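The values are calculated or read from the model by the stated rules, or taken from the named source; none is laboratory data. Quick caveat: nothing in here was measured; it's all calculated off a predicted structure. With ideal geometry, Cβ positions are generated from the backbone for all residues, glycine too; neighbour counts draw on all protein chains shown. When the accessible area is computed, the model is the full protein with side chains, heavy atoms only, and any ligands, DNA or RNA have been set aside. Shrake-Rupley method; radii C 1.70, N 1.55, O 1.52, S 1.80 Å.
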Amino acid sequence: MNYTKITKLYKEESLLALKKFLAIPSLYDEKTISETNPYGSNIGEALNFLAELGARYGFNVDKCDGRLVELTYGDGDKLIDIFAHVDVVPATGDWQSDPFVPTIERNVLYARGASDDKGPLIAAFYAIKALKDNGLIRNYRVRLVAGGDEERGSTCLQYYFDTLKKEYPTYGFTPDSDFPLIYGEKGIINFDCIKEFVSKDVVAISGGVVYNAVIDCATFKVRKVDGLIKYLDSKEAKYTIDGDSGNDFVTITFIGKSAHGSTPNKGKNAALIGLDLLGEFFDIPEFKKIVLLLKSADGKPFDGFAKSKELKATTYCLGKISYDGKLLKLGINLRYPENATSASLIEKFRQSFGGEIICGEDSLPLLMNPRSKMIKTLLKAYRKETDDLLSRPFTIGGGTYAKHAKNTVAFGATLPGRDNHIHEPNEILYLKDFYLMQAIYARAIHMLGNLHEN
């Protein structure tokens, strides 16, 4: 079967659908939450878009109480699942174009969600459609499950299995990471550290919108002092200043560079930059301590470091910070290997910094057998379509839906050597990759549907 040939027919149609999909700013919005839109109206609109697309082409549609959309086709005991998500992270930072007006330049598509995860989702949809239209879904079922809350912790998929009691797949994958294949993921937990603190020099701080991204701008309300601006300039700090905060204070916004929470050292944390510079200038021990503990992002300064052969080392990403003159709150995204526990690592941080710790839900590490038939089948599908025989399955610090399902791994969609600026400004998707994904996923689904374990 020539999977490139059968998916090529949908080239123009799939790109048009993707552009319409990307134009929906599907961000979590607490202000517009309702019974039918538990994650806000924009995510609801994105889920409805996908539901209507599926219904138009003859898929069975379940809107899953507004938390996910399930598109199903086929008959049989074997169930092949593809898990993707419609929600995106905020489009902060300096974009060259409107992040929710998809723009194509030199066959590269710019938009928030282009690679994480709307592009891969639409690619998977048209891969299934190509199989369906060519009569290749026989004696097995295919289910595309699109969630609305992956970026905040995957409560949607937990609801899908735990509340709706949906069937687990025979085999599944999520197109929300890298090719050729991911067989392990670090554990992930978000935690807040809240500490009483009073400073006469810095009276307010705010920065960050999500735990799992490096803070790209952080605002500090600071007492006016002679020499401060000269000091900041001598350090070559990137900042803006607003002198209209009153006679005694100015507001300084430090500029950094965002990065995914799993790779904090790829970014420049604006909050840590501000804490470092202002902590030194005003001699604020608490600020200096935060920088000391978190700047390396590995936990070594407070004995919170762990490492394993498969899942590698811990990472700590300061994703949120706030201070109101009384309470200092740090929001940290911790990722850890299978030979450690989140509780012990977080306690190490608390012992070093103090304060009260409030933890979110713990997403435990995932490790699959890289020699299983499912993984070998997915790898074969990738290699057949790409002729890439050198790339090997690996593990990641990121977390995907694979942790919340069974018999599921992350499979694509970023190709080796690509940097699609996920969770950063100017997120991209190479159109060549978008069309290749469709062929890879069509082949993979068809092979899994016909896979016999014995």
Which one of these is basic (K, R) and either in contact (Cβ under 8 Å) with a residue 12 or more places away in the chain or open to solvent by less than 70 Å² (accessible area, probe 1.4 Å) (or both): K230, K268? K268
Flagged pairs (Cβ under 7 angstrom, 6 or more apart or on separate chains; first in the stretch 14-35, of a type in the set (V, I, T); second part of a helix (DSSP H, G or I)) are I24/N42; I24/E45; I24/A46; I24/F49; T32/S41
Taking the residues in the stretch 101-130 that are assigned to a loop (DSSP other than H, G, I, E, B), open to solvent by less than 40 Å² (accessible area, probe 1.4 Å) and hydrophobic (A, V, I, L, M, F, W, C) as candidates, determine which candidate is nearest to K238 (Cα to Cα). A111
Only one of (1) in a loop (DSSP other than H, G, I, E, B); (2) in contact with a helix residue (DSSP H, G or I) (Cβ under 9 Å, 6 or more places away or on another chain); (3) surrounded by fewer than 24 Cβ atoms within 10 Å (Cβ to Cβ); (4) hydrophobic (A, V, I, L, M, F, W, C) fails for W95. Which number is that? (2)
Return a yes/no flag: does the stretch 140-155 have any residue that is at pLDDT 95 or above, under 27 Å from H260 (Cβ atoms), out of contact with any strand residue (DSSP E or B) (no Cβ under 7 Å at 6 or more places or on another chain) and small (G, A, S). no
Pairs, first of a type in the set (D, E) in the stretch 280-298, second open to solvent by 30 Å² or more (accessible area, probe 1.4 Å) and modelled with pLDDT of 95 or more, C-beta under 7 Å, six or more apart: D298/F305
Looking for whichever is assigned to a strand (DSSP E or B) and farther than 23 Å from L330 by Cβ here; the options are G172, G135. Which one fits? G172
Verdict on S391 being among the hydroxyl-bearing types (S, T, Y) and either open to solvent by 50 Å² or more (accessible area, probe 1.4 Å) or touching a residue at least 40 places away in the same chain (Cβ under 8 Å) (or both): yes
Hey, any hits in the stretch 398-409 for a residue that's closer than 24 Å to D176 by Cβ, open to solvent by less than 20 Å² (accessible area, probe 1.4 Å), of a type in the set (S, T, Y) and in contact with a Lys or Arg (Cβ under 7 Å, 6 or more places away or on another chain)? no
Among residues of the stretch 395-440 being assigned to a helix (DSSP H, G or I) and of a type in the set (S, T, Y), the residue farthest from the chain's Cα centre (by Cα) is Y435
Return the residues of the stretch 193-216 that are of a type outside the set (G, A, S) and either assigned to a loop (DSSP other than H, G, I, E, B) or within 19 Å of the chain's Cα centre (by Cα) (or both); say none if nothing qualifies. F197, V198, K200, D201, V209, V210, Y211, N212, V214, I215, D216
Residue list for the stretch 252-265, filter: in a strand (DSSP E or B) and open to solvent by 30 Å² or more (accessible area, probe 1.4 Å): I255, K257, H260
Looking at R443 and the list (1) outside any loop (DSSP other than H, G, I, E, B); (2) open to solvent by less than 10 Å² (accessible area, probe 1.4 Å), which single condition is not satisfied? (2)
Subset tally (residues that are hydrophobic (A, V, I, L, M, F, W, C), open to solvent by 100 Å² or more (accessible area, probe 1.4 Å) and either in a helix (DSSP H, G or I) or touching a strand residue (DSSP E or B) at 6+ places or on another chain (Cβ under 7 Å) (or both)) for the stretch 1-41: 0
Going residue by residue through the stretch 57-68, is there one that turns out to be open to solvent by 10 Å² or more (accessible area, probe 1.4 Å), in contact with a helix residue (DSSP H, G or I) (Cβ under 7 Å, 6 or more places away or on another chain) and free of Cβ contacts under 8 Å to residues at least 24 places away in the same chain? yes
Residue in the stretch 133-162 that is farthest from A55 (Cα to Cα), counting only those that are small (G, A, S) and open to solvent by 10 Å² or more (accessible area, probe 1.4 Å): G153
Selection over the stretch 60-77 where residues are over 23 Å from G113 (Cα atoms), touching a Lys or Arg at 6+ places or on another chain (Cβ under 7 Å) and of a type outside the set (S, T, N, Q) yields a count of 4
Evaluate the following for A46: is it hydrophobic (A, V, I, L, M, F, W, C), crowded, with 20+ Cβ neighbours inside 10 Å and within 27 Å of D433 (Cα to Cα)? yes
Where residues in the stretch 39-74 are basic (K, R) and under 23 Å from the mean Cα position of the chain (by Cα), which of them is nearest to Q158 (Cα to Cα)? R67
Restricting attention to the stretch 349-364, does a residue exist that is on the phi > 0 side of the Ramachandran plot and either in contact (Cβ under 8 Å) with a residue 24 or more places away in the chain or more than 22 Å from the chain's Cα centre (by Cα) (or both)? yes
Residue check for K165: free of Cβ contacts under 8 Å to residues at least 60 places away in the same chain and open to solvent by 10 Å² or more (accessible area, probe 1.4 Å): yes
Can you tell me which residue in the stretch 412-432 is surrounded by the most Cβ atoms within 10 Å (Cβ to Cβ), limited to those that are among the charged types (D, E, K, R) and without any contact (Cβ under 8 Å) to a residue 24 or more places away in the chain? R418
